[in-house]
1. Name the one entry in Val227, Val313 that is of a type in the set (A, V, I, L, M, F, W, C) and farther than 26 Å from Asn110 by Cβ.
2. What pairs can you find where one residue is in the stretch 178-189 and more than 8 Å from the ligand (Cβ to nearest atom), the other is assigned to a helix (DSSP H, G or I) and open to solvent by 40 Å² or more (accessible area, probe 1.4 Å), and their Cβ atoms are less than 7 Å apart, with a gap of 6+ or different chains?
3. Test Pro62 against the stated conditions and say whether it is in contact with a Cys (Cβ under 9 Å, 6 or more places away or on another chain) and closer than 20 Å to Ser268 by Cα.
4. Among the candidates Leu275, Leu249, Leu242, Leu300, which residue alone is more than 23 Å from Phe144 (Cα to Cα), assigned to a strand (DSSP E or B) and either modelled with pLDDT under 95 or touching a helix residue (DSSP H, G or I) at 6+ places or on another chain (Cβ under 7 Å) (or both)?
5. Being under 20 Å from Ala72 (Cα atoms) and among the charged types (D, E, K, R) is the filter; apply it to the stretch 23-44 and report the residue that is least open to solvent (accessible area, probe 1.4 Å).
6. I'd like to verify a number: residues in the stretch 71-108 that are open to solvent by 30 Å² or more (accessible area, probe 1.4 Å), out of contact with any helix residue (DSSP H, G or I) (no Cβ under 8 Å at 6 or more places or on another chain) and closer than 16 Å to Leu6 by Cβ, how many?
7. I'd like the full set of residues that are within 16 Å of the ligand (Cβ to nearest atom), closer than 20 Å to Glu17 by Cβ and touching a residue at least 24 places away in the same chain (Cβ under 8 Å), limited to the stretch 146-160.
Amino acid sequence: MRSYTLISPAKINLYLEIISDRPDGYHELAMVLQSVGLTDQIDLRSLSTESIQVHCDHPLVPSDKTNLAYRAAELMAAEFPQAFAQYGGVAININKRIPVGAGLAGGSSNAAAVLMGIDLLWHLGLTQSELQELAAKIGSDVPFCIAGGTALATGRGEQLSPLPNLEHPWVVLGKYRNLAVSTPWAYQTYRQKYISTYVSDADSLEVRRQRVHSGAMVNAIFKKDQVKIGQLLHNDLEKVVLPEYPQVLRLREAFYEAGVLGAMMSGSGPTVFALSESEAKAQQVQQHVRKSIPEPNLDLWVAPFTTAGIRVVAH
Ligand code: C5P
């Protein structure tokens, strides 16, 4: 029997622009994604039977097919039936620290870890791009979670161009424990309100994509200009989530009052993150926000940017 332990980091969106509708029902996006050192631990163990078992220490994380980690194992079994029969199934244990339903791609990152772990358990020798192709079948953020670091993502979010590693800014993350935002709700509401801004022809779509490739945020990342990166944070989904959830807006304001490089909601929220120049500054910001919002349901974390995606730590 063999086992692997993998570390699965959260991601934040430094930039999220919604460009148009897609024929597949998703949205055409332009995003800058960044891995952060707020991580889950995934333990994978071979089983002697052809079954998939998921266990998580967090009460809100399901053990069935609605869990992306389960779907990742199921996909591997379907794609590689001989290996599944030869090496048996897999028991997946998720030690959860990344908040759930938070806009931090926790579930997607866990699924990416399962794909990489099963590749190792079953000696498949898949390349990173082969793993990312499988990952795209599970969810839009899963391909990014495989490689991690800093990347520009277009299409549904699965077309990735790596960007230079950013090591310096530290991030403070805040999320109310009792608050979750549905990602489909956020995108549907955006569509209802802003459909008139969507581009509808292929040329305009290409122009918008290219604009992000050569845009101010990407330039700031190449120059590693933390101040500019902080000023250029952008997320179109804030336009629908902040009016609906005033606590999220209040949290964002509290970060700015604490003196940060920039603060923004991540993904479809409700997590808000703020960038700081150093670990010490990030800790001061955390204390300041804790005092200004004395709400027992507000969780805060301090984490570094990380340059890696999924990491194997033991086998
Ligand atoms: O791909 P994933 O399952 O993570 O997406 C969750 C939901 O977010 C989708 O069902 C869709 O409503 C929305 N979405 C979208 N366009 C994208 C990514 C996600 O509309 N590019």
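The values are calculated or read from the model by the stated rules, or taken from the named source; none is laboratory data. Here the structure is a predicted model, which is why all the values come from computation and not from measurement. Cβ sites come from the backbone with ideal geometry, for glycine too, and all protein chains shown count toward neighbours. The area values use the complete protein model at the heavy-atom level, side chains included, leaving out ligands, DNA and RNA. Shrake-Rupley method; radii C 1.70, N 1.55, O 1.52, S 1.80 Å.
1. Matching residue, one of Val227, Val313: Val227.
2. Going by the 7 Å Cβ cut-off, the qualifying pairs are Leu179/Gln247.
3. For Pro62, the condition - in contact with a Cys (Cβ under 9 Å, 6 or more places away or on another chain) and closer than 20 Å to Ser268 by Cα - is not met.
4. Residue meeting the stated conditions: Leu300.
5. So, considering only residues that are under 20 Å from Ala72 (Cα atoms) and among the charged types (D, E, K, R), the one least open to solvent (accessible area, probe 1.4 Å) is Asp40.
6. 3
7. Ala151, Leu152, Ala153, Thr154, Gly155, Arg156, Gly157, Glu158, Leu160
Rundown of residues vs (1) without any contact (Cβ under 8 Å) to a residue 40 or more places away in the chain; (2) away from the ligand (no atom under 11 Å from the Cβ), yes/no style:
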residue: Ile19; (1), (2): no, no
residue: Pro23; (1), (2): yes, yes
residue: Ala30; (1), (2): no, no
residue: Gly37; (1), (2): no, yes
